[in-house]
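Report on one structure; see the data block that follows.
What follows draws every value from the coordinates through simple rules; no lab data is involved. No experiment lies behind these values; they were computed from the predicted model shown. Here the Cβ is made from the backbone with ideal geometry for all residues, glycine too, and neighbour counts use every protein chain on show.
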Amino acid sequence: MSGQSKANIFGCSSQHKVRVDQPKTDLTPEQFLELKETQDYIKLHPDSISIGDNGEIFCNDDLSIRYLHLLGNKKVKKALRKALES
């Protein structure tokens, strides 16, 4: 009778952990720069962004964290914050 509390004894299984699959957006840097909130931030801080010779986009720390937040990549965002603190 000790096996009665196990879920797989009758061929059924239960999953206790609920997985959260949040949709990740495919936001390009150009689309990010076209957002109204980003444009407002750039107007207040004109030195926060620069475009390189080959079309590379360089932005400051705050804009980088906002971009990673919109992408939904928590691991990279956490790693960037740790790198900025040290």
Checklist entry - Mind listing the phi-derived Karplus ³J(HN,Hα) values for region 58-74, rounded to whole Hz, using 6.51, -1.76 and 1.60 with θ = phi - 60°, and x for any glycine or proline? => result 10, 10, 6, 5, 4, 5, 5, 5, 5, 5, 5, 5, 5, 6, x, 9, 6
Checklist entry - Which cross-chain or sequence-distant (5 or more) residues have an amide H under 5 Å from the amide H of Ile57, H modelled 1.01 Å from N in plane? => result Gly52
Next on the checklist: Can you give me the distance in nm between label points at Leu35 and Asp62, each placed 7 Å from the Cα along the Cα-to-Cβ direction?
Outcome noted: 1.4
Checklist outcome for this item: So His45 and Asn73, fully extended at 0.36 nm per residue minus their Cα-Cα distance, gain in nm 7.6 nm
